[in-house]
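S.K.: Just dropping this structure here.
Just so it is clear, none of the values below were taken in a lab; they were calculated from the coordinates. As the structure is a prediction and not an experimental result, all values here were calculated from the model. Because the Cβ atoms are built from the backbone with ideal geometry, glycine has one as well, and the counts that use them run over all protein chains shown.
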Amino acid sequence: MSAFITVALIVLVFIIIYQIAKASEYTSIIRGEEKVKAQTNRTIAILLVLVFILGMYGIWVCHNYLVDKLLPVSASVQGDAYDSMFNATLVVTGIVFFATQLVLFYFAFRYQSTEKRTSFFFAHSNKLEILWTTVPAIAMASLVAIGLRNWLNLTSEPPKDAQRIEIVGKQFNWIVRYPGKDGELGKRDFRKIDDANNILGLDWTDKHNMDDIIAQNGELHLVVGKPVQLLIGSRDVIHDVGLAHFRMKMDAVPGIVTTMWFTPKYTTTEMKKITGNSNFVYEISCDQMCGKGHYSMRGTIVVQTPEEYNAWMATQQPYYAGNNPSGAADSSATPAAKTPAAKDSTKATVTMR
Amino acid sequence: MSQEIIIQGPNVEFSQGAEAAHHDHEHHEQHFIWKYIFSQDHKVISKQFLITGMIWAIIGALFSVFFRLQLGFPDSTFPIMEKFLGEWAKGGKLSPEFYYALVTMHGTILVFFVLTAGLSGTFSNLLIPLQIGARDMASPFMNMLSYWFFFIASVFMFVSLFVQTGPASGGWTTYPPLSALKEASLGSGTGMDLWLISMALFVVSSLLGGLNYISTVLNMRTKGMTMTRMPLTIWAFFFTAVLGVLSFPVLFSGLVLLIFDRNFGTSFYLSEIFIGGKALPHIGGSAILYQHLFWFLGHPEVYIIMLPGMGMASEVLATNSRKPIFGYFAMIISLVGITLLAFLVWAHHMFVTGMSPFLGSIFVLLTLLIAVPSAVKVFNWLTTMWKGNLRFTPAMLFAMGFVSMFISGGLTGIFLGNSALDIHLHDTYFVIAHFHIVMGVSAFFGMFAGIYHWFPKLYGRFMNNTLGYIHFFITFVGAYLIFWPMHYEGIAGMPRRYYDYSAWESFKQFQSLNGFISIVAIVVFFTQLLFVMNFFLSIFRGRKLTNKNPWGSTTLEWTTPIHPGHGNWPGEIPEVHRWPYDFKDDGHGKDFIPQTVPLREGEEAH
Ligand code: HEM
Ligand SMILES: [Cu+2]
Ligand SMILES: [Cu+2]
């Protein structure tokens with residue numbers, strides 16, 4: 001019933017607005033159309049100027065209100081390069097934005113139609129065209145240059161001492177695997193996956209798997225100042241490891257292993273101080289639509305000092321020990337197609353198979 | 001020489017041109033069905049596209065109101081939603097599944113059904129024959145089929161809204177494996193099948209339309225209408241059609257492979273998947289392949305949406321500045337540049353898919369290159385207004401709004417096109433803000449400019465100006481209020497396509513901002529309804545035209561009678577003697593010279 005009343009009310013308001021608008025059309029005919037037209041034109045020109053001024057003021061207000069929430073504190077070495085490039089681009093585009101919008105609204109006001117004015121027949125000018133082809137081209141070239149330099153850094157080989165950790169997405173959480181004492185991630189095969197006792201499908205015939213540690217709570221532990229390379233995979237659909245504070249993002253695609261590397265700069269504890277937020281936590285957001293639980297596919301990262309990390313690591317148990325799989329001793333198991341990069345990806349480039 | 005064309009209807013068959021008088025006579029004997037429903041008249045087909053597009057636009061926008069309510073007020077319930085959506089919004093709160101279904105349908109509907117079919121279908125159909133001086137399209141029959149394929153596609157999409165498992169819900173890009181596996185999501189069931197069928201039919205419609213536009217522009221121009229005397233609208237529609245004809249087939253192939261993967265056990269896109277408690281047999285496919293196929297259409301598609309608006313804005317700006325468009329040739333060349341480059345940048349949507357970084361670099365370069373012709377267009381529009389004599393009709397305001405929005409959205413593209421910046425911004429609200437401003441709002445503004453400007457040609461009446469002004473100012477301000485703050489959210493890393501942010505320490509800070517955005521979105525939605533009301537009431541009650549050239553335009557469509565019949569000109573098709581932008585003193589106190597007026601003695605052609 002209330003819905004019906006609301007609808008009726010809206011319709012009524014619409015009809016009233018329409019009638020008023022219609023009436024203004026009639027009165028304009030009575031009062032002399034040309035005169036009314038000229039008047040309207042002037043009013044609109046003034047309105048446009050108002051919109052521009054209020055708009056610029058609005059941008060200022062909005063910016064002041066949100067500026068702290070803009071780029072969150074960069075927590076990786078790579079993030080610093082990101083931020084300076086971002087700011088450079090912001091300055092370039094900002095200048096163009098204000099200049100062109102100003103010109104647009106200024107012309108609108110300045111050249112509004114009046115009885116006296118006649119337009120100036122000015123159809124082309126090659127000089128101008130060349131000017132505004134080359135200037136943007138040069139600006140773009142410089143932005144591309146900065147961009148490609150950063151891009152090549154981001155996608156370069158990680159340093160030799162980089163920690164290598166696997167992170168695998170599934171609907172709707174993240175699973176993290178550490179290589180354990182031997183420093184090697186063992187092979188895995190999606191056909192060996194069993195949600196009860198082999199969540200990543202580790203191949204128990206591979207010795208390297210015996211000491212691998214798996215965290216199912218989506219918590220990733222990193223060491224501050226130590227480069228880390230993530231080997232990213234997916235069990236089902238495409239997900240994406242989004243790390244806003246580290247300015248990093250990479251899809252998790254079933255069937256292939258993607259990678260990214262970065263160097264965390266601040267421990268979680270330090271970030272709590274820097275941000276003044278005692279609840280601060282590094283979050284891993286799934287950034288690729290992956291189904292109904294996409295929005296809740298949350299992981300966290302704990303960046304620790306080496307001592308803290310080692311202490312934490314000492315409390316972890318290898319996955320094998322905890323799940324004592326029945327088929328472990330069965331060495332006659334056919335060697336199935338492996339997910340290759342889990343073990344072989346000493347190559348650190350972003351691989352696509 | 002005027003062109004001879006054959007117009008065929010199921011119960012009329014006559015040739016016209018030389019025998020136009022004869023034609024007039026027969027015209028009146030067409031049955032209602034052939035005249036208004038299965039019509040082959042480009043003007044009627046244009047209205048069919050427009051009105052179907054408007055209906056879809058209302059549905060698509062209404063969906064956005066529903067999901068904005070969820071985003072803005074995740075803790076509240078809205079019983080009215082339950083009335084509309086039934087069990088998908090039990091207790092007045094959207095379920096996550098249906099939230100995603102609404103987002104998906106919103107995107108699909110607005111991108112394809114409204115801004116592709118509704119925009120290009122309406123104005124290419126209306127203006128191509130009228131502005132080049134043709135009696136109709138090269139193939140009126142194919143033209144009719146184009147609409148009816150669109151109609152059937154619409155029916156399938158509409159039906160998919162009512163299936164039990166809901167419509168497709170994997171986003172308008174429908175990436176597999178999510179969209180390929182029924183186990184992955186409810187929307188990947190029957191809803192997805194219907195989505196695929198509908199889109200396949202849509203591609204057919206687009207191709208039929210596009211081929212027709214191209215051949216009409218190339219072959220059916222009246223005497224004297226050389227290519228370089230065509231209005232920029234025609235150039236824009238022409239390149240729009242070229243883009244569509246070359247890229248839609250690639251989408252089609254992508255969709256067909258997806259249909260195969262879904263139904264016939266192939267593994268084009270699927271590999272090493274464990275879902276629903278079991279490992280699937282698929283090995284060796286590539287989920288990324290689909291993205292390449294999709295974006296090979298997807299990027300040209302955004303320009304398919306954009307170019308008609310560019311053409312119409314050019315036309316409206318020039319006419320209402322009473323000044324020639326500045327840099328006519330530069331405008332054409334930049335259209336060519338955009339069209340070519342549009343095919344070479346698709347992978348900028350895939351920088352973080354694990355694509356080779358080297359390939360990424362190439363796409364960075366090509367993507368930022370496309371900003372150059374875009375900039376040229378902007379500067380030419382601005383210079384067109386310089387020292388003009390500006391008349392602020394609603395169409396003119398929307399054309400100016402178009403330029404404003406295009407600048408804002410184009411500039412954010414420069415961030416996204418640089419892979420080193422995209423790595424943080426990809427799939428955040430920054431992207432949402434970027435493409436809604438540059439494609440959503442800007443293209444809509446181009447469309448509104450077109451509707452207000454050519455409404456008199458469509459219906460022989462004017463739309464109400466006052467409502468037009470209200471419509472413009474609220475929409476313009478509202479669009480910035482909605483999308484400007486979204487940039488900030490995106491820069492903070494807030495992901496798109498989230499149903500609820502309250503569990504996220506990094507993103508819940510934007511809760512009140514999201515509420516604000518939702519409120520503005522609702523206001524803007526109702527303002528659009530005001531426009532719709534203005535449109536439909538003006539068809540019947542609008543002020544009548546007394547003069548067949550109400551805006552003082554130079555182009556041919558305004559030389560037809562106020563209510564042109566099938567065949568457009570009652571007599572001979574007029575001959576063209578000059579370029580379309582001669583806004584100068586004609587020596588008799590008028591400030592424009594129509595294209596049909598021969599050059600005066602000693603007058604230089606443009
Ligand atoms: C200066 C020119 C432009 C550049 C450099 C540019 C660049 C980009 C880039 C790199 C992306 C991908 C962002 C991401 O997903 O991370 C993107 C997204 C998008 N752009 Fe643009 N763009 C430009 C102009 C346009 C225009 C004119 C339109 C439409 C008419 C448009 C429509 C879109 C759409 C729809 C998306 C998002 C698609 C999606 O993921 O759902 N862009 N743009
Ligand atoms: Cu996910
Ligand atoms: Cu694109």
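S.K.: Quick check on the stretch B:36-559: what are the equivalent-ellipsoid semi-axes from the Cα gyration tensor, as sqrt(5λ), descending, whole Å?
M.R.: Equivalent ellipsoid semi-axes, largest first: 36, 26, 24 Å.
S.K.: What are the ³J(HN,Hα) values, in whole Hz, obtained from phi via the Karplus relation 6.51 cos²θ - 1.76 cosθ + 1.60 with θ = phi - 60°, for each residue of the stretch B:501-506 in sequence order, with x given for Gly and Pro?
M.R.: The phi angles translate into 9, 5, 8, 9, 4, 7 Hz.
S.K.: Same structure again: Report the charge-dipole magnitude of the protein assembly as shown in Debye, nearest 20, computed about the Cα centre from +1 at each Lys and Arg Cβ and -1 at each Asp and Glu Cβ. Each step should come with its number before you reach the end.
M.R.: On the way: 66 positive and 64 negative charges, 372 e Å.
My answer is approximately 1780 debye.
S.K.: Considering all alpha-carbon pairs of the protein assembly as shown, what whole percent are spaced by more than 43 angstrom? Spell out each step's value before the answer.
M.R.: Numbers: 167768 of 459361 pairs.
Cα-Cα pairs in the protein assembly as shown separated by more than 43 Å: 37 percent.
S.K.: Could you tell me how far the Cα centroid of the stretch B:105-147 sits from the Cα centroid of the stretch A:57-75, in Å?
M.R.: Cα centroid to Cα centroid, the span is 43 Å.
S.K.: Sticking with this one: Taking each residue of B:336-346 in turn, how many C-beta atoms of other protein chains fall within 10 Å of its C-beta, and what is the average? Provide the component values of the computation, followed by the final result.
M.R.: On the way: counts 0, 1, 0, 0, 0, 0, 0, 0, 0, 0, 0.
Across B:336-346, the average partner-chain Cβ count within 10 Å equals 0.
S.K.: Collect residues whose amide H, placed 1.01 Å from N in the peptide plane, falls under 5 Å from the amide H of A:Asn173; neighbours closer than 5 in sequence don't count.
M.R.: none
S.K.: Could you tell me which residue out of A:Val13, A:Ala311, A:Leu71 lies farthest along the dipole of chain A toward its positive end? Charges go on the beta carbon: Lys and Arg +1, Asp and Glu -1, centred on the Cα centre.
M.R.: Value: A:Val13.
S.K.: Averaged across B:350-362, how many Cβ atoms of other chains sit within 10 Å of each residue's Cβ atom? Intermediate results must be reported in sequence, preceding the final value.
M.R.: Working: counts 1, 4, 12, 10, 14, 4, 5, 8, 4, 1, 6, 6, 1.
For this peptide, the per-residue mean of nearby foreign Cβ atoms is 6.
S.K.: Also, quick follow-up: Using the count of nearby Cβ atoms within 10 Å as a rough guide to exposure, how do B:Phe151, B:Phe162, B:Phe444, B:Phe296 rank from fewest to most?
M.R.: Values: B:Phe151 15, B:Phe162 11, B:Phe444 25, B:Phe296 20.
So the ranking, lowest neighbour count to highest, is B:Phe162, B:Phe151, B:Phe296, B:Phe444.
S.K.: Label the stretch A:42-105 by shape, choosing from rounded, prolate and oblate, from the square roots a ≥ b ≥ c of the eigenvalues of the Cα gyration tensor; if a/c is under 1.5 it is rounded, and otherwise prolate applies when a/b is larger than b/c, oblate when it is not. Provide the component values of the computation, followed by the final result.
M.R.: Details: a/c = 7.29, a/b = 2.29, b/c = 3.19.
Because a/c hits 1.5 or more and a/b fails to exceed b/c, the stretch A:42-105 counts as oblate.
S.K.: Nearest 5 percent is fine: what portion of the DSSP beta bridges confined to the protein assembly as shown is antiparallel?
M.R.: Working: 36 of 50 bridges.
So the antiparallel bridges amount to about 70 percent of the total.
S.K.: For the stretch B:549-606 and the stretch B:194-241, what is the centre-to-centre distance using only Cα atoms, to the nearest Å?
M.R.: First find each Cα centre; the distance between them is then 24 Å.
S.K.: Hey, another quick one. Given H placed 1.01 Å from N in the peptide plane, which residues other than close sequence neighbours of A:Leu231 have an amide H under 5 Å from its amide H?
M.R.: A:Ile165, A:Glu166, A:Ile167
S.K.: Also: For a test of the definition: using alpha carbon positions, the gyration tensor, and the 1.5 limit on a/c, classify chain A as rounded, prolate or oblate. Write out the running numbers ahead of the final one.
M.R.: Working: a/c = 2.87, a/b = 2.14, b/c = 1.34.
In terms of gyration-tensor shape, prolate.
S.K.: Can you work out ³J(HN,Hα) from phi for every residue in the stretch B:402-414, in order, using Karplus 6.51 cos²θ - 1.76 cosθ + 1.60 and θ = phi - 60°, giving whole Hz and x for Gly and Pro?
M.R.: 4, 5, 4, 5, 4, 4, 4, x, x, 5, 6, x, 5
S.K.: Right, another one. So what's the back-of-envelope 222 nm ellipticity for the protein assembly as shown, counting only DSSP H runs of four-plus at -39500 (n - 2.57) apiece and dividing by all residues, rounded to 500? The partial results should precede the final answer.
M.R.: Numbers: 26 runs with 498 residues, N = 959.
Result for the protein assembly as shown: -18000 deg cm²/dmol, rounded to the nearest 500.
S.K.: Then there's this: Please list the non-local residues whose amide H lies under 5 Å from the amide H of A:Val303, H modeled 1.01 Å from N, same-chain partners needing a gap of 5 or more.
M.R.: A:Leu222, A:Thr268
S.K.: Right, here's the next one. Just report the Cα centroid separation between the stretch B:52-89 and the stretch A:167-197, whole Å.
M.R.: 40 Å
S.K.: Would you order B:Asp261, A:Asp161, A:Asp68 from fewest to most other beta-carbon atoms within 10 Å of each residue's own beta-carbon?
M.R.: A:Asp161, A:Asp68, B:Asp261
S.K.: Additional query: In what order do B:Ile59, B:Ile273 fall by count of nearby beta-carbon atoms within 10 Å, going from fewest to most? Kindly include the intermediate steps, with their values, before the conclusion.
M.R.: Working: B:Ile59 18, B:Ile273 27.
Lowest to highest Cβ neighbour count: B:Ile59, B:Ile273.
S.K.: Now, a different point. Would you work out the charge dipole size for the stretch B:36-559 about its Cα centre, treating the Cβ of every Lys and Arg as +1 and the Cβ of every Asp and Glu as -1, and quote it to the nearest 20 debye? Mind dumping the intermediate values first?
M.R.: Details: 27 positive and 18 negative charges, 405 e Å.
Magnitude of the dipole: close to 1940 debye.
S.K.: Further, regarding this structure: HN-Hα J couplings of the stretch A:98-111 from phi, Karplus 6.51/-1.76/1.60, θ = phi - 60°, integer Hz, Gly and Pro as x?
M.R.: Rounded to whole hertz, the list is 5, 4, 6, 5, 4, 4, 4, 6, 5, 4, 4, 6, 5, 10.
S.K.: Also, quick follow-up: Please give me, ordered by residue number, the GluC sites (Glu not before Pro) of the stretch A:9-98 that lie in loop per DSSP and have at most 13 other Cβ atoms within 10 Å. Intermediate results must be reported in sequence, preceding the final value.
M.R.: Values: sites: A:Glu25, A:Glu33, A:Glu34; in loops: none.
Passing both the DSSP loop test and the Cβ count: no residue.
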